[in-house]
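Working notes, beginning with the structure itself.
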Amino acid sequence: MKKRLYLMRHGQTLFNLRHKIQGHCDSPLTELGKQQALSSKKFIDQINLDHAYSSTSERAVDTLELVLDGRLPYTRLKTVKEMNFGAFEGESEDLNPKDRMKQHDFFVPYGGEDRLDVQVRMVNALTNIMNQTDHENVLVVSHAGASMGFLSKWHDPREILPNMFPNGTVLIFDFEDNEFKIHDVFYPEM
């Protein structure tokens, strides 16, 4: 039986606005970030959700709480947290390698994670979530890097997200036989 995963990127944060690498460090949602969450809420409100999950990062939790507005309880999971960028966290995004998708282990010597390890972590976490009973329509709020790694396991992200992965965007996947297939993408109105 086909199930559906709604994988959402958190709303814009102060670090996003200032073009800083976030990773495991955190910064608060901006007013635009809150509006992005509320825009996505209008879409999510139309879905009969069974369960909701969030990264343990406050920016993801705050986004999920705005979207759910007390509609149902949620669970925080470290396994859907953003990639750890090591010593690069809090620094300018200009320091990122130019072709980040090809340089999967760039941050490892600096105390960060390998992108392929993050992909495996996300695939395992989301597969485990979707394989649980009574998990037919599930919302998970995560991060750009972790979500892009997950997406790249199943599809070429450039084909699915030609304009990158804006804050508040929801990737909609069908899940069947332990595989995810992109169904649609929801972009918040801004």
Worksheet item: Using 7 Å Cα-to-Cβ label points, what is the Asp184/His19 separation (nm, one decimal)?
Response: 3.5
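Given charges of +1 on the Cβ of Lys and Arg and -1 on the Cβ of Asp and Glu, with all other atoms neutral, how large is the dipole of the chain about its Cα centre, in debye to the nearest 20?
80
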Item to complete: Sort all Cα-Cα distances of the stretch 1-110 into consecutive 10 angstrom bins from zero, then give the percent of pairs in each bin up to the one containing the longest distance.
Response: 13, 40, 31, 15, 1
Worksheet entry | In Å, descending, principal axis extents of the Cα set of the stretch 1-44 | 42, 22, 12
Worksheet, complete the sentence: Under 5 Å from the placed amide H of Lys20, counting only residues 5+ away or on other chains, we find Glu93
Item to complete: Take the solvent-accessible surface of the protein heavy atoms, probe 1.4 Å, and return the percent of it on the chain that carbon and sulfur atoms account for.
Response: 49
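Report, in deg cm²/dmol and to the nearest 500, the calculated mean residue ellipticity at 222 nm for the chain, where each DSSP H run with n ≥ 4 adds -39500 (n - 2.57) and the sum is divided by the residue count. Please report the intermediate quantities before stating the final value.
Numbers: 6 runs with 60 residues, N = 190.
Theoretical 222 nm ellipticity from helices: -9500 deg cm²/dmol.
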Fill in: Reach of Lys41 by Cα under 17 Å, taken over aspartates and glutamates that are not fewer than 8 positions away in the same chain
Glu31, Asp50, Asp62, Glu65, Asp69, Asp184, Glu189
Worksheet entry | Principal axis dimensions, largest first and in whole angstrom, of the stretch 120-179 by Cα | 35, 20, 19
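So for the chain: antiparallel DSSP bridges make up what percent, rounded to the nearest 5?
Roughly 55 percent of the beta bridges in the chain run antiparallel, per DSSP.
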Worksheet entry | Entries of Lys42/Lys81; Lys3/Lys153; Lys20/Lys98; Lys34/Lys81 with Cα pairs more than 21 Å apart | Lys42/Lys81
Worksheet item: What FRET efficiency do you get for Asp117 and Glu159 if R0 is 30 Å and r is their Cβ-Cβ distance, rounded to the nearest 0.05?
Response: 0.80
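Could you provide, to the nearest whole Å², the per residue accessible area of the stretch 3-155 with probe 1.4 Å? Walk me through the numbers before you get to the answer.
On the way: 7000 Å² over 153 residues.
With the other protein chains kept in place, the stretch 3-155 gives 46 Å² per residue.
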Practice prompt. Could you pull out every residue, at least 5 positions away or on a different chain, whose amide H is within less than 5 Å of the one on Val141? Hs are placed 1.01 Å off N in the peptide plane, and Pro or chain starts have none.
Written response: Met8, Tyr53, Ser54, Ser55
Discussion item. I need the chymotrypsin sites (Phe, Trp or Tyr not before Pro) found in the stretch 145-186, filtered to DSSP loop residues with at most 15 other beta carbons within 10 Å of theirs.
Written reply: none
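The values are calculated or read from the model by the stated rules, or taken from the named source; none is laboratory data. Worth saying up front: this structure is predicted, and the values here are computed from it rather than measured. Glycine gets a Cβ as well: all are built from the backbone with ideal geometry, and neighbour counts include every protein chain shown. Heavy atoms of the whole protein, side chains included, go into the accessibility calculation; ligands, DNA and RNA do not. Shrake-Rupley method; radii C 1.70, N 1.55, O 1.52, S 1.80 Å.
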